[in-house]
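The structure appears below as structure tokens.
The values are calculated or read from the model by the stated rules, or taken from the named source; none is laboratory data. Model, not experiment: these values are computed from the prediction. Here Cβ is always computed from backbone atoms with ideal geometry, including for glycine, and neighbour counts include all displayed protein chains.
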């Protein structure tokens, strides 16, 4: 019989190794690999064995019989899919991200920074679901009285909303059996511990075992379960990496603590899209869903100001109008500063280099500051053109006229590349009152370019506006005649169209 080896485990991600190493082989963290005690199964001497009777063949006898099955295998066409249909929570923005609502038996992980509003979001969602079905809210970080005070403040009081302040896994399972809820909320999974598992609450072993046990209960009872998770200082979900693999949905709750805007993003979703975003306004009396948040990301100026440019970004299927601001000032340091807020610093640096080399806009040794309005974070490549135009506007001290929006990806050769969803972006800009759009030549994917004119010809055959390119040719665009679309092929043409035309 082979001798059991305790092995070593990374305290950050749960990676295991038979030998000690100074650096984790998965998350690449230094000094996090520690000796791990043998599992309970190894200590008990349990080994893999066969389930069936004796099978002729010597050493392999008894291993081919198999064991009992919970349900027989059936053809996929005969499986009832209605049992897995999503049930709305009553929060439209949350349901948008989930793909329609909560699926029975699904396990969700909601992660976010401390104080961003995770408990408030789930308490409101639990109260809405409790209007028709019992909900069990388990708090391990606060007392029941503290949660009640928050519920009074945001109006989340319901007779079917049950509250339990527990940190023991066995006690939570007993509460589930007694209440028989239709929704289980655990706030948070890092505070729950199992008495039969080694380690402290929040440790790698405890989090993994507790999550596995709650997932098994959720699947057995077809019980939607939401786990609140902490995040590390770099914004990733705390605990072992296997935690994200165990759950069905991983949601990220984001927001600047100095801003009222909150966003829910799906990082993983087995039942819906992973590119949707839900927007909320966090106020004194809780969270309010924002069906049309575009106005929050624009500043209010009576006259155009140099260094600002408005763009349209796509968050899933939702176009959002946002403003990019840039300030280029003389530097008194040996190394000029490059400061960003709400933008990808590496892309801003790349756009700055392309702007100077390909478009002839001289930056020199100047400090560059780039930011977004309203606390929104823009990471889509389509924001490149707005960043470049805002910088060019600040350097030349020429303001982009009001009513102009721009979007497009900027390449290292200075070209402006097409982006997906151009018709939706232009339509949203027109709805928000913009009258001119600077877009990449080509107008998006071939499918979009083919579908948009056909749809316009059917709905409004006589209403079309002229679309000008940087070469002066005229094209037709399905815009109802209310917005002028200017196509550009490179960054130099875009700067001319925005500042000189």
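General remarks:
- Residue within segment 249-267 that is touching a residue at least 60 places away in the same chain (Cβ under 8 Å), more than 27 Å from residue 374 (Cβ to Cβ) and not in a strand (DSSP E or B) present: no
- Taking the listed residues 339, 312, 324, the one that is surrounded by fewer than 21 Cβ atoms within 10 Å (Cβ to Cβ), in contact with a strand residue (DSSP E or B) (Cβ under 7 Å, 6 or more places away or on another chain), closer than 28 Å to residue 282 by Cβ and in contact (Cβ under 8 Å) with a residue 12 or more places away in the chain is 339, with no other qualifying.
- Scanning segment 287-303 for residues that are more than 30 Å from residue 399 (Cβ to Cβ) and touching a residue at least 40 places away in the same chain (Cβ under 8 Å) gives 287, 289, 291.
- Where residue 301 falls short, out of the listed (1) modelled with pLDDT under 95; (2) touching a helix residue (DSSP H, G or I) at 6+ places or on another chain (Cβ under 7 Å); (3) surrounded by fewer than 20 Cβ atoms within 10 Å (Cβ to Cβ): (2)
- A residue that is touching a strand residue (DSSP E or B) at 6+ places or on another chain (Cβ under 6 Å), closer than 21 Å to residue 196 by Cα and modelled with pLDDT of 60 or more occurs nowhere in segment 37-57.
- Residues located in segment 342-363, provided they are in contact (Cβ under 8 Å) with a residue 24 or more places away in the chain and more than 33 Å from the chain's Cα centre (by Cα): 357, 358, 359, 360, 361, 362, 363
- The residues of segment 370-380 that are crowded, with 17+ Cβ neighbours inside 10 Å and either without any contact (Cβ under 8 Å) to a residue 12 or more places away in the chain or in contact with a helix residue (DSSP H, G or I) (Cβ under 9 Å, 6 or more places away or on another chain) (or both), listed by number, are 370, 372, 373, 374, 375, 376, 378.
- Within segment 291-309, at least one residue is in the same structural domain as residue 410 (by TED's automatic domain parsing), over 30 Å from residue 152 (Cα atoms) and part of a strand (DSSP E or B).
- Any hit, segment 394-406, residues being under 12 Å from residue 351 (Cα atoms), buried (at least 24 other Cβ atoms within 10 Å of the Cβ) and in contact with a helix residue (DSSP H, G or I) (Cβ under 9 Å, 6 or more places away or on another chain): no
- Some residue of segment 80-90 being part of a loop (DSSP other than H, G, I, E, B) and modelled with pLDDT under 90: yes
- Only one entry of 145, 106 meets the criterion of being in the same structural domain as residue 255 (by TED's automatic domain parsing), modelled with pLDDT of 95 or more and surrounded by 21 or more Cβ atoms within 10 Å (Cβ to Cβ), and that entry is 106.
- Any hit, segment 203-211, residues being free of Cβ contacts under 8 Å to residues at least 60 places away in the same chain, outside the structural domain of residue 14 (by TED's automatic domain parsing) and surrounded by fewer than 17 Cβ atoms within 10 Å (Cβ to Cβ): no
- Checklist (1) in a loop (DSSP other than H, G, I, E, B); (2) under 20 Å from residue 416 (Cα atoms) applied to residue 383, failing item: (1)
- Some residue of segment 180-191 being in a loop (DSSP other than H, G, I, E, B) and closer than 28 Å to residue 35 by Cβ: yes
- Flag set for residue 156, criterion: within 20 Å of residue 94 (Cβ to Cβ), assigned by TED's automatic domain parsing to the domain that holds residue 229 and either over 23 Å from the mean Cα position of the chain (by Cα) or buried (at least 20 other Cβ atoms within 10 Å of the Cβ) (or both).
- So residue 352, is it in a helix (DSSP H, G or I), buried (at least 17 other Cβ atoms within 10 Å of the Cβ) and in the same structural domain as residue 120 (by TED's automatic domain parsing): no
- Restricting attention to segment 1-20, the residues that are in a loop (DSSP other than H, G, I, E, B), surrounded by 14 or more Cβ atoms within 10 Å (Cβ to Cβ) and at pLDDT 80 or above add up to 2.
- Considering segment 233-259, and only residues there that are under 13 Å from residue 117 (Cβ atoms) and crowded, with 18+ Cβ neighbours inside 10 Å, the residue that is modelled with the lowest pLDDT turns out to be 255.
- For residue 357, the criteria (1) assigned to a loop (DSSP other than H, G, I, E, B); (2) at pLDDT below 95 hold in every case but one, which is (1).
- Scanning segment 274-286 turns up one or more residues that are within 18 Å of the chain's Cα centre (by Cα), free of Cβ contacts under 8 Å to residues at least 12 places away in the same chain, closer than 29 Å to residue 29 by Cβ and assigned by TED's automatic domain parsing to the domain that holds residue 114.
- Answer from 147, 204, 135, 189 - the residue that is in contact with a strand residue (DSSP E or B) (Cβ under 7 Å, 6 or more places away or on another chain) and within 21 Å of residue 95 (Cβ to Cβ): 135
- Pairs, first outside the structural domain of residue 203 (by TED's automatic domain parsing) in segment 13-32, second at pLDDT 90 or above and in a loop (DSSP other than H, G, I, E, B), C-beta under 8 Å, six or more apart: 30/22; 31/22
- Being more than 24 Å from residue 230 (Cα to Cα) and either in a helix (DSSP H, G or I) or under 26 Å from the mean Cα position of the chain (by Cα) (or both) is a description that does not apply to residue 67.
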